Amino acid sequence: MKPREFVDLAGRAFRHRWARRIRVAVTVALVSIAGAVIGVMLFAQAGINVGPFSAEMSIRPSIHGGTEVDIPPLGSLHLDSHRGPLHLKVALGSLDQSRTEALIDNPSAISTAGDRAVDEVVAGISRLGLRTLGLAVLSALILAAVVFRDVRRTAAAGVTALVVTTGSLGLAAATLRPDAISEPRYEGLLVNAPAVVGDARRIADNYGRYAEQLQAIVGNVSRVYSTISTLPVYEPAGNTTRLLHVSDLHLNPSSWGLIRTVVETFEIDAVIDTGDIVDWGSSAETGYVASIPSIQVPYIYVRGNHDSAAIQAAVDAQSNAVVLDNALTTVDGLTIAGIGDPQFTPDKSESNEAGDESGPELLTTAGERLATTIRNSGKQVDIALVHDPVMASPLSGVVPLVLAGHRHQREVSVLPPPEAPAPSPSVAPSPAASAVPAPPPVTTRLMIEGSTGGAGLRGLEGEDPTPLSLSVLYFDEKNALKAYDDIQLGGTGQSTVEMQRNVVGLDEEPTPAPSVPVSQPSR
């Protein structure tokens, strides 16, 4: 086919009536969606009363959906409440004077406000949804009328906006997760996080009851606003134990101030440090650990691959420090075992002293030593501490929780169950032994902490500074992990703070760890 003939054919196809209809339909759809988006962004908002607050609810187009609750001046809560192209924002504004005075004069009125909160929010969302639908259709009609000046095309744009908006609202409703209110992500001032999010133990025990969770959050914020001068924090349950997991401080002096703030704000019972407290393991760095007594709670430590024997001895010399090196200790009823990293590789550009090939074997052997110590202790050990996650593999099925560091990145997973030993073909099991049921296997959770020191100077090597990470772990009276808060602060030169609440067992699908451990490069 000659070029001229091809051009003529393409021109006839372009001018064909079906091609023209398709172009018109696409144009009508784009104008309709544009009008609906403009209307939603400019006018899809409504005011409601939630407890003592006058709140503003608004809907915005979004890829990921979700809900944001702004609580000025404390920060905001982000909930993974739904999927779909609509994002709900609730901004708590001014306090109603009469309702606030009623709360101050009658503390029991806070519970009443919580009882009404669910109905008020549901009614507000329903009104906002209808308003959004009407505004989207009206805006699409107006824009189509201006663009096309044709009744049929304008009507088609209105119908398209109706279908798209109704589908978006329907998708959000169909993917609603009421339990998401138990796992909010907090952004704002670190000292206000417990007051806004609430007590983890109580949330973990009642996560299935959406109304009670919403009432609790309304009650928490009501109390904060009623006594804004003191910003009180809920008293934790008497049988809740709170541990702070830190790791890889790497000689960062700002880490101590951060740890002290979290210990005081979250009422921590003990701090767990999974190693790499310094960078080079030199005697000049021993003065860095002298800040441990300022934490004023037990400080449980295992050696990392950047920590020398001199550093371990310096930590052990601190009044509130407990060094675990293939040993056990008990804190608030929790039995904790730990072992130091068998390698000393402060310079990551050099090979370890035993050779690169034996690195993983050394780590696995150290984990097996700790597992043997735990089995021979005759005690129910609740937590095992290692530095390198490769050391955790032999602890699978031995303890319910392993804490580690080293990788400078937060990870939570479940270790593969240990392989059962093959029975000997020459020895038949006795009938009595066969009648005794085997104990249920222990599921072992591996929690790898990021770097609480922002990886030290190494944290500045990349394009973005490494964030400072640490986690608060909540245990009940049976020493079971109920929830944990992941706290992350922007690295050097940044001031952002995020806190993610995680409830154990709530829609949780941890990523299994690899069955064959692979040693990471020395950090």
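The values are calculated or read from the model by the stated rules, or taken from the named source; none is laboratory data. Bear in mind that the values here come from a model prediction, so they are computed numbers and not experimental data. Glycine gets a Cβ as well: all are built from the backbone with ideal geometry, and neighbour counts include every protein chain shown. Surface areas here come from the heavy atoms of the whole protein model, side chains and all, with no ligands, DNA or RNA. Shrake-Rupley method; radii C 1.70, N 1.55, O 1.52, S 1.80 Å.
Values computed for the structure shown
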read-out: Enumerated strands (runs of 3 or more DSSP E) restricted to the stretch 1-99, each holding at least 1 residues that are open to solvent by less than 80 Å² (accessible area, probe 1.4 Å), modelled with pLDDT of 85 or more and basic (Lys, Arg); value: 53-61, 86-95
read-out: Among the candidates Ala157, Ala123, Ala173, residue that is farther than 18 Å from Arg83 by Cα, loosely packed, with under 14 Cβ neighbours inside 10 Å and not charged (D, E, K, R); value: Ala123
read-out: Conditions (1) modelled with pLDDT of 95 or more; (2) touching a helix residue (DSSP H, G or I) at 6+ places or on another chain (Cβ under 8 Å); (3) open to solvent by less than 10 Å² (accessible area, probe 1.4 Å); (4) closer than 27 Å to Pro346 by Cβ: number failed by Val399; value: (4)
read-out: Every residue from the stretch 130-154 that is buried (at least 17 other Cβ atoms within 10 Å of the Cβ) and without any contact (Cβ under 8 Å) to a residue 60 or more places away in the chain; value: Leu133, Ala145, Thr154
read-out: Listing of strands (runs of 3 or more DSSP E) fully contained in the stretch 358-421 that carry 2 or more residues being in contact with a Leu (Cβ under 9 Å, 6 or more places away or on another chain) and free of Cβ contacts under 8 Å to residues at least 24 places away in the same chain; value: none
read-out: Residues that are of a type in the set (Phe, Trp, Tyr) and open to solvent by 10 Å² or more (accessible area, probe 1.4 Å), drawn from the stretch 271-328; value: Trp280, Tyr288
